[in-house]
Structure formats: C-alpha cells, structure tokens
1. Nearest 20 debye, what's the magnitude of the dipole of the chain about its Cα centre given +1 on Lys and Arg Cβ and -1 on Asp and Glu Cβ?
2. Hey, what's the Kirkwood Rh for region 4-44 if you take every pair of different alpha carbons, in angstrom?
3. For the chain, with all protein chains present and a 1.4 Å probe, just round the carbon and sulfur fraction of the accessible area to a whole percent.
4. Can you give me the accessible area per residue for region 1-48, using a 1.4 Å probe, in Å²?
5. Please work out how much length the chain gains when fully extended from residue 90 to residue 64, using 0.36 nm per residue of separation minus the C-alpha to C-alpha distance, in nm with one decimal.
6. Tell me, in nm to one decimal, what length is gained between residue 30 and residue 44 on full extension, where the rule is 0.36 nm per residue of separation less the Cα-Cα distance?
7. DSSP loop (so not H, G, I, E, B), at most 13 other Cβ within 10 Å: list which GluC sites (Glu not before Pro) in region 37-116 pass both filters.
8. Under a crude label model (7 Å from the Cα following the beta-carbon direction), how far is residue 51 from residue 17 in nanometres?
Amino acid sequence: MSSLFAKIIAREIPADIVYEDDLTLAFRDIAPQAPVHILIIPKREIATVNDVMPADEAALGRLLRVAAKLAASEGIAQDGYRLIVNCNEHGGQEVFHLHLHLLGGRNLGPMLARQT
C-alpha cells in the first residue's frame, strides 16, 4: 500500500473516520467543499476507475450503500446530496486510490459550470 488513503487505512495517518467495515472506510475530507464532505474508499487499493477488476464489484457496490447510510445519518438524505468519483488528471483525481465523495448539506447547484 502506498497512497495517502492506504496510510489512513493502516492508521499511519490520522483521519476523522465515520464508518468502517471489512471492505470500506469512510472519513471526513480535510478540505470540505460542502457542510458534509465524506470520502468513502475501498480498503483494497485501486488506483482509478480504469483499474477496477471483476473481483472489486462487491466493494464498489458497498461504497454506494455506505454513501446512502452516511447521507441518512448526516441528515442530508431527504434534501439530497452528490456523489462524485474523479478519474485521472483531467477528471480531477488528486489521490490515486479510487474514492467516492459524498457532498451535501446545502444546495450544490449545477454539476458543472456552463461553458459560454
């Protein structure tokens, strides 16, 4: 394991962990972009969406179930929230360990700024 997130899984770097099970770990983003900003990661290090293997399907499905569970526990499920997965440089990925951003707690507006 080599990514920043792998070090969080190994407890080598502290994080505000809000959920953990055998396949996933969820923690609050250190630079939140919304009132609720939680990162949900598979414990197996997968660099990008392009690197997902058939054996990863259970863990990736679990990411979505954990997102819904956390949205409910954070009180944002009813009003709505956004889930984001970035892939590679042009997709905005900064940490090369696949992760799901759970954002909510306010109106997040349009997905992308409109180009004129």
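The values are calculated or read from the model by the stated rules, or taken from the named source; none is laboratory data. Just so it is clear, the model here is predicted, and its values are computed rather than measured. When we count neighbours, we look across all protein chains shown, and the Cβ atoms used for this are built from the backbone with ideal geometry, even at glycine. All accessible areas refer to the heavy atoms of the entire protein, side chains included, with ligands and DNA or RNA removed. Shrake-Rupley method; radii C 1.70, N 1.55, O 1.52, S 1.80 Å.
1. Working: 11 positive and 14 negative charges, 57 e Å.
For this selection, approximately 280 debye.
2. 10.4
3. Values: 3770 of 7130 Å².
Ligands and nucleic acids excluded, carbon and sulfur reach 53 percent.
4. It amounts to 51 Å² per residue over region 1-48.
5. So the chain would gain 7.0 nm between residue 90 and residue 64.
6. Values: separation 14, 0.36 × 14 = 5.04 nm, distance 2.14 nm.
Between residue 30 and residue 44, full extension yields an extra 2.9 nm.
7. Filter output for region 37-116: 94.
8. Going by the 7 Å Cα→Cβ label model, 2.1 nm.
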